[in-house]
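So the structure is just underneath, and the comments pick up after that.
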Amino acid sequence: MTEGVTGAAIDIREAPWPAAAAELHAVRRAVFVEEQGVPEALEWDDRDAGCLHLLARDGTGRAVGTVRMTRDGHVGRMAVLAGHRRRGVGAALLAHLVEHARRAGLATLHLNAQTTAEGFYRRHGFLPTGEVFLEAGIPHRPMSLRL
């Protein structure tokens with residue numbers, strides 16, 4: 001268990017694909033498809049099966065956040081349900097993911113941050129590595145973290 005910013009217990013665990021796919025889909029669908037308007041066809045890809053997935057649960061056991069990482073260190077699909085943002089869920093997910101990457105011997109993590117989340121990633125050591133571009137109609141910036 002990890003303490004969130006508000007002191008609420010957050011449980012972060014690996015979520016093997018496909019066993020946890022329904023919960024991972026539910027969080028990502030709520031954030032990306034329903035909230036941000038990302039088309040379903042762009043949200044789901046064939047990379048999920050080969051990724052490490054982490055799932056955050058609140059004190060009641062409800063899935064409230066997720067993130068995935070490819071074997072080569074690309075971080076993506078970071079999603080936290082709206083009612084659980086700014087409570088340390090994203091930070092806990094990212095900290096656990098960085099630890100997994102270090103144990104796996106990766107030297108660098110890469111991600112494409114939505115520009116609205118760029119400050120969050122900067123606070124966790126990620127630095128911009130390129131210009132802003134559109135993905136699914138949303139501005140993103142490539143960033144990386146040396147481990």
statement: If the chain between Thr108 and Ala136 were fully extended at 0.36 nm per residue, the gain over the current Cα-Cα distance would be 7.6 nm
- prompt: Which whole-angstrom value gives the distance between the alpha carbon centres of the range 16-63 and the range 79-147?
  reply: 16
field: Spin-label model distance (nm) - Thr60 vs Thr116, 7 Å beyond Cα toward Cβ
entry: 2.4
message: What distance in nm lies between label points placed 7 Å from Cα along the C-beta direction at Ala49 and Arg13?
response: 2.4
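Where a number appears in this text, it was derived from the coordinates with a stated rule and is not lab data. The structure displayed is predicted, hence computed values, not measured ones. Reconstructed Cβ throughout: ideal geometry from the backbone, glycine too, with neighbour counts over all protein chains shown.
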